[in-house]
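Visitor: Structure provided below as structure tokens; questions to follow.
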Amino acid sequence: MTVLITGGLVLDQTGERTADVLIDGSVVVAVGEDLDGDGQGVTVLDAAGCVVCPGFVDLHAHMREPGHEEAETIETGARAAAVGGYTAVVAMPNTDPAQDSVSVVEFVRRQALAAGLCEVVPAGCITVGRLGQQLAPLAELAAAGVTLFTDDGNGVQDPLLMRRALEYSLDLGITLAQHCEVARLTEGAVMHEGECCSRLGLPGWPSIAEELMVHRDIELSRLTGARIHLLHLSTERSVELVRAAKADGVAVTAEAAPHHLSLTDDALDGYGTVYKVNPPLRRPSDVAAIRAGLADGTIDAIATDHAPHTPQTKEQPLDHAPPGMLGLETALGVVLAHLDMPLTDIVAALSWKPAAIAGLGDRHGRPIAAGEPANLTVFDPDVQWEVQPARLSSRSRNTPYVATPLRGRVRHTVFNGDPVVLDGAPQR
Amino acid sequence: MKHLRSIAELGADGMARLLDLTDHMAEVNRRPNPKVPALRGKTVCMIFFEDSTRTRLSFDTAAKRLSADTMTFSVGTSSVNKGESLRDTIETVAAMGVDAFVIRHGSSGTPWQVSNWTNSSIINAGDGWHEHPTQALLDCYTIRTALGRTGGFDGLRIAIVGDIKHSRVARSNIDAFRLMGAEVTLVAPRTLLPPVVSAPTAADLDDVIDDIDVLYLLRMQRERMTEALVPTMREYTARFGLTPQRARRLGKHALVMHPGPMNRGVEMAVDPSELPGAVITQQVTNGIAVRMAVLFDILGSGTDLEVQP
């Protein structure tokens, strides 16, 4: 298939210029002005007024399959990802069974290949069953191509086990990623610990539970020299700790979720379970710190923490309802509505920086040039829109952004040369 | 009034209206036949996800004295976990025809969630750690009658003592007492206060006992010891319990109140029947009149309370 993207602002790590992009098969074959698209069978994608950039890469999505297909499948999750402009998503391992063996990892990849909507990159578990007791077969999984490991949903509580995992990772070329939460400090927690939880009579989720583990893992990384990626940072102090660690040269990277740079804990005033998320929505000062951390590069990547849940599980009392909210289809719109940053830096945090952290830099987040893989996103950075839950591609509906103005929307997504999303509509 | 979910939603004017209405209900309750037809044909469903025989009996009696029909739906919190969502439970019961739900739930916020799923009125009979507004109303009514304070609580000093953090009674009463004009002091170890406190605090009961008009004791639950919130019950009583020594320091007019059930020997380390200012049984009695007032205010528009049966 030959695809020509015309008239867009081509933006990548090398700069920006108005140009057409010609794709043949799965490869970009030419970038330039007035490329010829009148050959037979050329699909022309209009990109006037749009940005053409390397496809987005999500470091953090819960695809729910295997185990919770009623909330999401790899196919529906991949479709949501493609609609959101993602050409690759890292699938978190808290499936059932967990992604702690080669067979489960290969199952996830097979489902994604069959869907053909984006690359789904299974993250491996750090510990067997994510139980925090015993190391998962990290080398065996690494040999099967797994590059990112985490027990996400749980932090690795045992400092000895975490130290050993980091040491063991050094020779494998992999990255460990931590869900930073000291579980003993958040037993029964529902929302950020502060004025709101005091007034609403809800158990508090203290910032210190995150910050203690951020601090511990920075020090373990400093000690061992192993890379550590910190998932979904939510507090001001966490950002400060990472900033200081990076200044010291510690091999730490970090991500933040769109909801932690756009929403605050008082959203829970009406007890809406859609606003319950782990880590919780926090104070305006934390939101400001997350934005500042993204602006100065302390936080490397924007990651959705896309967490689908069925209505029946969310329509429970707040303390029974599971944490999590959808993210893949709204990330760009939320980020552009809330971040006052150069567009290049925003795309960097959505594309080539997370691609590098996930070890996908050979095929995603590439410069847009002849010979490069054709994983591209075309988005309108100015269009205002609102989410209509019934029209989401995700199987679930738990988005917190209903009736919220968003800015910027994906128009086309090209995955391996295939226009899987055209004018906002998934093509398969 | 459509719902009674929290004291803050009710506001000072709403409290004044309900407390005046409670006087009328108390008069009904003093009649030889304490029953009026005001809510004939109305159906009140008591839906209790958490056991509370006392509160349920009080609401049930109140509804029956106003001639409402009552249904009771009791579920342990465990059956919520067995598959039926809270929404399905509410919608099923609502489909039987319910004018008002009286709802008790172990989770904070459920009355707000439930009111999104039904057109019926919601009366909060206690939600998690959050609110118990009819308890606050009956406490205010008890203070008002015992101290002759029909014009409000200006200048009244009230100490709420004990496990503020986990107490829906404390949250409703802090709001209610302050709306009435009282000065509220919270007396508790730091571990039993919410993360952000909305009223002045005192470190132990000795700091306030000489100067208060109302001593409001909360129930101290034994499981707080296992959560590292207090070292021992003995130490709790030493700092925060009403002991005979402290009881002697109470002012002559001072009231002693408790929402029940009491832990004798813990927060109540004296025999309350020997306390001249104890109004604990009056609280229970007044609970019926207050709940009649709430039910009548919500369901009784257009009916005449004064009609004799």
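The values are calculated or read from the model by the stated rules, or taken from the named source; none is laboratory data. The shown structure was predicted, so the numbers you read here are calculated from the model rather than taken from an experiment. Because the Cβ atoms are built from the backbone with ideal geometry, glycine has one as well, and the counts that use them run over all protein chains shown.
Visitor: Could you check region A:198-226 and list, in sequence order, the residues that are free of Cβ contacts under 8 Å to residues at least 60 places away in the same chain and under 30 Å from B:S198 (Cα atoms)?
Guide: Step one: of region A:198-226, the residues free of Cβ contacts under 8 Å to residues at least 60 places away in the same chain are A:198-199, A:201, A:204, A:206, A:208-209, A:211-219, A:221-222, A:225.
The answer is A:S198, A:R199, A:G201, A:G204, A:P206, A:I208, A:A209, A:E211, A:L212.
Visitor: Run B:T232 past the list (1) surrounded by 15 or more Cβ atoms within 10 Å (Cβ to Cβ); (2) modelled with pLDDT under 95 and report the number of the one that doesn't hold.
Guide: (1)
Visitor: Give the residue that is farthest from the other protein chains (Cβ to nearest Cβ), with candidates limited to residues of region A:256-279 that are over 22 Å from B:W117 (Cβ atoms) and in contact with a Pro (Cβ under 6 Å, 6 or more places away or on another chain).
Guide: A:N278
Visitor: With the condition kept exactly as written, say whether any residue in region B:223-242 is under 21 Å from B:L186 (Cβ atoms), touching a Pro at 6+ places or on another chain (Cβ under 7 Å) and of a type in the set (A, V, I, L, M, F, W, C).
Guide: Scanning region B:223-242 turns up at least one residue that is under 21 Å from B:L186 (Cβ atoms), touching a Pro at 6+ places or on another chain (Cβ under 7 Å) and of a type in the set (A, V, I, L, M, F, W, C).
Visitor: Against the condition touching a helix residue (DSSP H, G or I) at 6+ places or on another chain (Cβ under 8 Å), assigned to a loop (DSSP other than H, G, I, E, B) and surrounded by 19 or more Cβ atoms within 10 Å (Cβ to Cβ), how does A:S234 come out, does it pass?
Guide: It is true that A:S234 is touching a helix residue (DSSP H, G or I) at 6+ places or on another chain (Cβ under 8 Å), assigned to a loop (DSSP other than H, G, I, E, B) and surrounded by 19 or more Cβ atoms within 10 Å (Cβ to Cβ).
Visitor: If I ask for residues that are in contact (Cβ under 8 Å) with a residue 24 or more places away in the chain and surrounded by fewer than 21 Cβ atoms within 10 Å (Cβ to Cβ), which ones from region B:235-249 would you list?
Guide: B:T237, B:R239, B:T243, B:P244, B:R246, B:R249
Visitor: Taking region B:204-223, which residues are more than 12 Å from B:I160 (Cα to Cα) and either within 14 Å of chain A (Cβ to nearest Cβ) or assigned to a loop (DSSP other than H, G, I, E, B) (or both)?
Guide: At the first step, the residues of region B:204-223 found to be more than 12 Å from B:I160 (Cα to Cα) are B:206-207, B:210-211, B:220-223.
Of everything in region B:204-223, those that are more than 12 Å from B:I160 (Cα to Cα) and either within 14 Å of chain A (Cβ to nearest Cβ) or assigned to a loop (DSSP other than H, G, I, E, B) (or both) turn out to be B:M220, B:Q221, B:E223.
Visitor: I'd like to know if region A:133-147 contains one or more residues that are surrounded by 18 or more Cβ atoms within 10 Å (Cβ to Cβ), of a type in the set (S, T, N, Q), touching a Cys at 6+ places or on another chain (Cβ under 9 Å) and closer than 25 Å to A:H232 by Cα.
Guide: So far as region A:133-147 goes, no, none of its residues is surrounded by 18 or more Cβ atoms within 10 Å (Cβ to Cβ), of a type in the set (S, T, N, Q), touching a Cys at 6+ places or on another chain (Cβ under 9 Å) and closer than 25 Å to A:H232 by Cα.
Visitor: Quick one: is B:P231 more than 14 Å from chain A (Cβ to nearest Cβ) and outside any helix (DSSP H, G or I)?
Guide: Yes.
Visitor: Which condition does B:G152 not pass, out of (1) part of a loop (DSSP other than H, G, I, E, B); (2) surrounded by 23 or more Cβ atoms within 10 Å (Cβ to Cβ), if it passes all the others?
Guide: Only one criterion is unmet by B:G152, namely (2).
Visitor: Ok, one more. How many residues are in a loop (DSSP other than H, G, I, E, B), more than 10 Å from chain B (Cβ to nearest Cβ) and touching a strand residue (DSSP E or B) at 6+ places or on another chain (Cβ under 7 Å) when one looks only at region A:178-214?
Guide: Within region A:178-214, residues that are in a loop (DSSP other than H, G, I, E, B), more than 10 Å from chain B (Cβ to nearest Cβ) and touching a strand residue (DSSP E or B) at 6+ places or on another chain (Cβ under 7 Å) number 3.
Visitor: Now for a separate question. Quick check on my filter: what residues within region B:35-51 are touching a Lys or Arg at 6+ places or on another chain (Cβ under 8 Å) and surrounded by fewer than 17 Cβ atoms within 10 Å (Cβ to Cβ)?
Guide: Scanning region B:35-51 gives a single hit, B:K35.
Visitor: Something else about it: Filter region B:186-199 down to the residues that are away from chain A (no Cβ under 12 Å) and buried (at least 18 other Cβ atoms within 10 Å of the Cβ) and list them by number.
Guide: The answer is B:V187, B:A188, B:P189, B:L192.
Visitor: Next up: Condition test on A:E329, is it away from chain B (no Cβ under 14 Å), charged (D, E, K, R) and surrounded by 24 or more Cβ atoms within 10 Å (Cβ to Cβ)?
Guide: yes
Visitor: Here's another thing I want to ask about it. Taking region A:119-166, which residues are hydroxyl-bearing (S, T, Y) and part of a loop (DSSP other than H, G, I, E, B)?
Guide: Pass one, region A:119-166, residues hydroxyl-bearing (S, T, Y): A:127, A:147, A:150.
Within region A:119-166, A:T147, A:T150 qualify.
Visitor: Do you know which residues across region A:238-271 are in contact (Cβ under 8 Å) with a residue 40 or more places away in the chain and either surrounded by fewer than 20 Cβ atoms within 10 Å (Cβ to Cβ) or β-branched (V, I, T) (or both)?
Guide: Kept after step one, since they are in contact (Cβ under 8 Å) with a residue 40 or more places away in the chain, are these residues of region A:238-271: A:238-240, A:242-243, A:246, A:253-259, A:261-263, A:265-269, A:271.
A:V239, A:E240, A:V242, A:R243, A:K246, A:T253, A:D266, A:A267, A:D269 - these are the residues of region A:238-271 that are in contact (Cβ under 8 Å) with a residue 40 or more places away in the chain and either surrounded by fewer than 20 Cβ atoms within 10 Å (Cβ to Cβ) or β-branched (V, I, T) (or both).
Visitor: Could you list, in sequence order, the residues of region A:296-321 that are assigned to a loop (DSSP other than H, G, I, E, B), crowded, with 21+ Cβ neighbours inside 10 Å and more than 14 Å from chain B (Cβ to nearest Cβ)?
Guide: A:T298, A:I299, A:D300, A:A303, A:T304, A:D305, A:A307, A:P308
Visitor: For region B:17-32, which positions are loosely packed, with under 15 Cβ neighbours inside 10 Å and of a type outside the set (D, E, K, R)?
Guide: B:P32
Visitor: I've got another one for you. From (1) of a type in the set (V, I, T); (2) in the same structural domain as A:Y275 (by TED's automatic domain parsing); (3) out of contact with any helix residue (DSSP H, G or I) (no Cβ under 8 Å at 6 or more places or on another chain), pick out the condition that doesn't hold for A:T377.
Guide: Result: A:T377 fails condition (2) only.
Visitor: Now for a separate question. Can you name the residue in region A:392-428 that is charged (D, E, K, R) and surrounded by 22 or more Cβ atoms within 10 Å (Cβ to Cβ) and is also farthest from A:R366 (Cα to Cα) among such residues? Quick ask: steps written out before the conclusion?
Guide: So the first thing to find is which residues in region A:392-428 are charged (D, E, K, R), and the list is A:395, A:397, A:407, A:409, A:411, A:418, A:423, A:428.
With the extra rule that they be surrounded by 22 or more Cβ atoms within 10 Å (Cβ to Cβ), the set shrinks to A:409, A:411.
Numbers: A:R409: 21, A:R411: 20 Å.
Once the filter is applied, the top-ranked residue is A:R409.
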